[in-house]
1. Looking only at region 96-112, count how many residues are within 9 Å of the ligand (Cβ to nearest atom) and in a loop (DSSP other than H, G, I, E, B).
2. If I ask for residues that are touching a Leu at 6+ places or on another chain (Cβ under 9 Å) and either part of a loop (DSSP other than H, G, I, E, B) or among the hydrophobic types (A, V, I, L, M, F, W, C) (or both), which ones from region 72-95 would you list?
3. Looking for whichever is part of a loop (DSSP other than H, G, I, E, B), acidic (D, E) and under 22 Å from the mean Cα position of the chain (by Cα) here; the options are E252, E245, E180. Which one fits?
4. Kindly indicate the residue of region 147-166 that is assigned to a strand (DSSP E or B) and open to solvent by 80 Å² or more (accessible area, probe 1.4 Å) and also farthest from D261 (Cα to Cα) among those meeting that condition.
5. Can you name the number of the only condition in (1) without any contact (Cβ under 8 Å) to a residue 24 or more places away in the chain; (2) part of a helix (DSSP H, G or I); (3) not β-branched (V, I, T) that S33 fails?
6. Is it the case, given these coordinates, that F143 is open to solvent by 20 Å² or more (accessible area, probe 1.4 Å) and either within 21 Å of V99 (Cβ to Cβ) or touching a helix residue (DSSP H, G or I) at 6+ places or on another chain (Cβ under 6 Å) (or both)?
7. Looking at region 79-99, can you tell me whether even one residue there is open to solvent by less than 10 Å² (accessible area, probe 1.4 Å), in contact (Cβ under 8 Å) with a residue 60 or more places away in the chain and not assigned by TED's automatic domain parsing to the domain that holds H196?
8. Of all residues in region 29-72, how many are under 17 Å from the mean Cα position of the chain (by Cα) and surrounded by fewer than 17 Cβ atoms within 10 Å (Cβ to Cβ)?
Amino acid sequence: MKPVRVSKHVLYEASVQDTEVDITLIDRMVARSTGGTAKTLREDFCGTAVLACAWVQSDPERESWGVDLHDPTLKWAEKHRLSELGEDADRVHLLAADVLTVQSPSVNVIAALNFSYMIFEQRDLLKRYFLNVFDHLTPGGVFVLDLFGGPNAQAVMKEKKKVPAGTDFSEAPYPDFTYEWDQADFNAVNQHITCHIHFKGKNIVPIRKAFTYDWRLWSITEITDLLMEVGFISVDPYFEGWCDESGTTDGELKIRKTYKDMLAWICYLGATKAS
Ligand SMILES: C[S@@+](CC[C@H](N)C(=O)[O-])C[C@H]1O[C@@H](n2cnc3c(N)ncnc32)[C@H](O)[C@@H]1O
């Protein structure tokens, strides 16, 4: 088979995004906060806005806003993702704006996933972002964000994952390929981390450094303290458990107050605004 040229956005979504898992978790967090369900969601750092799109598909009364400052990516989202929604697209609004200053309507949920807020490396800047989030949440609203850590997160290393062939959001097929997470540099003095994503495999035209991230590797306590400082009343950490038999995580996201002896972990935080 001749290698196929696949958009880096399609390969990215297939490698790291699972909107069903995200929406299930968001629904649980909102039920915990308000006892009800959320109607409105803002996806910050939305990129291809696939979560904002899946949100409106999950319920005919749901509406979403996607915020990103990169115009070409938003245009791609409009052409390849919103176009798939038919009339549902009327309930997705893309805002070309900086999340630090964006003025969206107030919503029930704001999501900042795949660590994107780590682009803010100074505490003051991150606080400005969290204040914008807080100000745009309705009472009882939930802010969901994720972070990663553990000793392996501070190592210069590469991790590969085989992604099986499948179909994307628009049902277009893509072949199997390899996703490579490349932790290229870590500075213990300021927690600065540089990571790249490469896409490889004999069935696709490879893309080296498809995405590069310069982030600060924030800790759960730093983020929790800052969220409480801007006014959230609680911050719950959700982790998957560990399965010794399979040597992998068990897929069960639960609030865990202790999480010990893990070389690498991903945590989702659900921060709640008072009702
Ligand atoms: C890692 S992608 C996130 C994609 C997707 N939301 C996800 O969960 O995987 C990060 C996106 O954040 C955007 N971005 C970076 N800084 C931003 C800012 N200050 N305001 C809005 N968007 C920003 C970039 O343009 C990029 O599309």
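1. Counting residues in region 96-112 that are within 9 Å of the ligand (Cβ to nearest atom) and in a loop (DSSP other than H, G, I, E, B) gives 6.
2. If the condition is that a residue be touching a Leu at 6+ places or on another chain (Cβ under 9 Å) and either part of a loop (DSSP other than H, G, I, E, B) or among the hydrophobic types (A, V, I, L, M, F, W, C) (or both), then L74, A77, L82, A89, V92, L94, L95 are the ones that fit.
3. Values: E245 fails: under 22 Å from the mean Cα position of the chain (by Cα); E180 fails: part of a loop (DSSP other than H, G, I, E, B).
That would be E252, the only listed residue that is part of a loop (DSSP other than H, G, I, E, B), acidic (D, E) and under 22 Å from the mean Cα position of the chain (by Cα).
4. Of the residues in region 147-166, the ones assigned to a strand (DSSP E or B) are 147-149, 157-163, 166.
Filter once more, keeping what is open to solvent by 80 Å² or more (accessible area, probe 1.4 Å): 158-162.
On the way: K158: 21, E159: 20, K160: 22, K161: 23, K162: 26 Å.
Out of the qualifying residues, it is K162.
5. (1)
6. Details: open to solvent by 20 Å² or more (accessible area, probe 1.4 Å): no; either within 21 Å of V99 (Cβ to Cβ) or touching a helix residue (DSSP H, G or I) at 6+ places or on another chain (Cβ under 6 Å) (or both): yes.
The answer is no for F143.
7. Yes, region 79-99 contains a residue that is open to solvent by less than 10 Å² (accessible area, probe 1.4 Å), in contact (Cβ under 8 Å) with a residue 60 or more places away in the chain and not assigned by TED's automatic domain parsing to the domain that holds H196.
8. 2
The values are calculated or read from the model by the stated rules, or taken from the named source; none is laboratory data. Values in this document were obtained by computation on a predicted structure and should not be read as measured data. All Cβ positions, glycine included, derive from the backbone under ideal geometry; neighbour counts span all protein chains shown. What goes into the accessible areas is simple: the full protein's heavy atoms, side chains included, and nothing from ligands, DNA or RNA. Shrake-Rupley method; radii C 1.70, N 1.55, O 1.52, S 1.80 Å.
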